[in-house]
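Report on the following structure.
Every number in this text was worked out from the coordinates using simple rules, so none of it is lab data. All figures in this text were calculated on a predicted structure; none of them were measured in a lab. Cβ coordinates were reconstructed from backbone atoms using ideal geometry, including for glycine residues, and neighbour counts include every protein chain displayed.
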Amino acid sequence: MPIEVLLKSGKDFNEAFKIMESVQENNESVAVSPFILAEMFHILRRQNKSFNLIKETLLDFLDSIGLTVLAINNKKLNEIIELSAKYEIDFVDASNKILMDEHGIKEIYSFDKDFDKFKNIKRLTSLK
């Protein structure tokens, strides 16, 4: 979700913005892996944003009231790599899936259809 909002474009921008706004206002609670922050950082750098702006953007994101960042246990890294290869999904998606399983999370806000590969996950593209 934050990716679409950062890019400020694309067909999913409006819905992504509504979801992020709801999280920032604590109307919606979400959890993310720390790798989402790395993705945000890299997208902003590719757009030639300053490190100061990146810092402010990431800290602003972390201040979202309805946001929890889940820790990745080092022992899960092998599992993430295996899952990524098995389902041919990227590392961040695999880490999100592993964290979801670990924390009993069954829904994900995402426009990424890779999550449709998992029967125990419901992918949401708009607010509930």
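In table form, for the structure just shown:
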item: Residue match in region 19-27 (condition: in contact (Cβ under 8 Å) with a residue 24 or more places away in the chain, at positive phi and not hydroxyl-bearing (Ser, Thr, Tyr)); result: yes
item: Meets criteria (surrounded by 12 or more Cβ atoms within 10 Å (Cβ to Cβ) and either more than 21 Å from Val23 (Cα to Cα) or not basic (Lys, Arg) (or both)) for Leu58; result: yes
item: Unique residue being out of contact with any strand residue (DSSP E or B) (no Cβ under 8 Å at 6 or more places or on another chain) and closer than 20 Å to Arg123 by Cα when the list is Lys97, Lys49; result: Lys97
item: Selection from region 85-128 of residues that are among the basic types (Lys, Arg), touching a residue at least 24 places away in the same chain (Cβ under 8 Å) and under 24 Å from Phe17 (Cα atoms); result: Lys97, Lys128
item: Residues of region 73-91 that turn out to be crowded, with 17+ Cβ neighbours inside 10 Å and either touching a Lys or Arg at 6+ places or on another chain (Cβ under 6 Å) or assigned to a helix (DSSP H, G or I) (or both), as a count; result: 4
item: Considering residues of region 114-124 that are under 14 Å from Ser84 (Cα atoms) and within 15 Å of the chain's Cα centre (by Cα) only, the residue surrounded by the most Cβ atoms within 10 Å (Cβ to Cβ); result: Phe115
item: Flag for Ile65 being under 16 Å from Val23 (Cα atoms) and either in contact with an Asp or Glu (Cβ under 7 Å, 6 or more places away or on another chain) or surrounded by 11 or more Cβ atoms within 10 Å (Cβ to Cβ) (or both); result: yes
item: Subset of region 99-113 [surrounded by fewer than 20 Cβ atoms within 10 Å (Cβ to Cβ) and part of a helix (DSSP H, G or I)]; result: Asp101, Glu102, His103, Lys113
item: Any hit, region 45-68, residues being among the hydrophobic types (A, V, I, L, M, F, W, C), under 16 Å from the mean Cα position of the chain (by Cα) and outside any helix (DSSP H, G or I); result: yes
